[in-house]
Amino acid sequence: MSDLANLKPTIRLSIMNPDAESGSLFGRGIASLCLGVRETGSLNAAAAKGMGMAYSKAWRIIKETEAALDLQLLNRDGAHGSDLTDAGNKLLDAYLAIEEKLQREAEELFSDVLK
């Protein structure tokens, strides 16, 4: 049996539109796609090369999430790539900040409970 101190909690954050009929959420996967677009300037590079995902699947996920959130995440420029909209950047930054803070707090709480 392993020592409990070697374990680590994992936080799964998602952001949703409570008025959306779709179950699409802004979670770790879409955040990773958006972060990849921010870093590479391309959905194709972020998805296919960065995550091992088909571009068509990444495109579908982006479209479904945009529809569910009623928010455009990406500016698309065809063969010239993509970048995040202002709203997409703000949402991604908020998601990453909240996720980081919750992760730190979860690790501290877990450690405190084990004492």
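No value in this document is a laboratory result; all are computed from the given coordinates. The structure displayed is predicted, hence computed values, not measured ones. Heads up, the Cβs are rebuilt from the backbone with ideal geometry, glycines too, and the neighbour counts pull from every protein chain shown.
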- [ ] State, to one decimal in nm², a quarter of the convex hull surface area for the C-alpha atoms of the chain, i.e. the direction-averaged projected area.
- [x] 9.2
Open item on the list: Cross-link candidates for residue 101: which aspartates and glutamates have Cα within less than 14 Å, leaving aside residues fewer than 8 places away along the same chain?
Closed with: 93
Open item on the list: If I fit a long axis through the Cα atoms of helix 28-40 and take the longest principal axis of the Cα atoms of the chain, what angle between them do I get, 0 to 90°, rounded to 10?
Closed with: 60
Open item on the list: Can you tell me the orientation of helix 86-114 relative to the chain, as the angle in degrees between its alpha-carbon axis and the longest Cα principal axis, to the nearest 10?
Closed with: 10
Open item on the list: Using a 7 Å offset from the Cα along the Cα-to-Cβ direction at both residue 35 and residue 10, what is the distance between the two label points in nm, to one decimal?
Closed with: 1.4
Task: Potential lengthening between residue 102 and residue 19 on full extension [0.36 nm per residue; Cα-Cα distance subtracted] - done: 27.4 nm
Task: In degrees, nearest ten, helix 55-69 long axis to first principal axis of the chain (Cα) - done: 80
Open item on the list: What does the C-alpha gyration tensor say about the overall shape of the stretch 1-65? Classify as rounded when a/c is under 1.5, otherwise prolate if a/b is larger than b/c, or oblate.
Closed with: oblate
TODO: Determine the sum of side-chain charges near residue 82: Lys and Arg each +1, Asp and Glu each -1, restricted to other residues whose C-beta is under 13 angstrom from that of residue 82.
DONE: -1
TODO: Enumerate by residue number the trypsin sites (Lys or Arg not before Pro) in the stretch 1-106 meeting two conditions: DSSP loop (anything except H, G, I, E, B), and at most 15 other Cβ atoms within 10 Å of the site's Cβ.
DONE: 12
Task: Span from the the stretch 14-36 Cα centroid across to the the stretch 45-72 one, whole angstrom - done: 10
